[in-house]
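Step one of this worksheet: look at the structure below.
The values are calculated or read from the model by the stated rules, or taken from the named source; none is laboratory data. Keep in mind it's a predicted model, so treat the numbers as computed, not measured. Here the Cβ is made from the backbone with ideal geometry for all residues, glycine too, and neighbour counts use every protein chain on show.
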Amino acid sequence: MFRGSSCNTIDSKGRVIIPARFRDVIKDGGGDGVMVTRLDGSLFAYTFDQWGEIESKVLSQAETSEYMRRFRRVFIGGASDCICDKQGRILIPPVLRQYAGLEKEIMLVGQIAHFEIWSKERYEREVMQMEDDMKKEDVGNEIAKLGL
């Protein structure tokens, strides 16, 4: 499971060092790399096993919905396999780096079944937005359902 977060950097070639604790999960998840795609202004990285399950779910959905076709086109069509090199780095393609605004400082954020790759600036805004949202009664009530 992917848990925790790490502040990291992306080099000028687009390489990111994956934390050792994430690399262990990646190996257990069917390979030596991840499938990376775009969503919510960040990148989502899945083990190959998890990605296979996602593709099956997406394929099982009827293509009659314009929104589902569009989602599938962008989410699946924009995905790229990123293999870990001997230094534990993955190379993120330029189009995905541009989408997520990855330049130098980044955050890797564990989300149990996947991890997200954020520009540090965007992630800090996301955290601030969540803090503001938690002040709203309906958001607080929704989170309270988790028993926290």
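Key figures
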| read-out | value |
| --- | --- |
| Residues satisfying the stated conditions in the range 47-68, i.e. surrounded by 10 or more Cβ atoms within 10 Å (Cβ to Cβ), closer than 17 Å to Met35 by Cα and of a type in the set (Gly, Ala, Ser) | Gly52 |
| All strands (runs of 3 or more DSSP E) inside the range 4-57 with 3 or more residues being in contact (Cβ under 8 Å) with a residue 24 or more places away in the chain, within 22 Å of Val95 (Cα to Cα) and within 14 Å of the chain's Cα centre (by Cα) | 33-39, 42-47 |
| Which listed residue, of Glu126, Glu116, Glu105, is touching a strand residue (DSSP E or B) at 6+ places or on another chain (Cβ under 8 Å), surrounded by 14 or more Cβ atoms within 10 Å (Cβ to Cβ) and at pLDDT below 95 | Glu126 |
| Residue within the range 58-80 that is part of a strand (DSSP E or B), farther than 22 Å from Val127 by Cα and modelled with pLDDT of 95 or more present | yes |
| Filtered residue count, the range 76-88, keeping only those that are under 15 Å from Ile10 (Cβ atoms), surrounded by fewer than 19 Cβ atoms within 10 Å (Cβ to Cβ) and of a type outside the set (Gly, Ala, Ser) | 2 |
| Long-range neighbours under 7 Å by Cβ, at least six apart or interchain, first residue β-branched (Val, Ile, Thr) within the range 84-103, second crowded, with 19+ Cβ neighbours inside 10 Å and not in a strand (DSSP E or B) | Ile90/Ile18; Ile90/Cys84; Ile92/Leu102 |
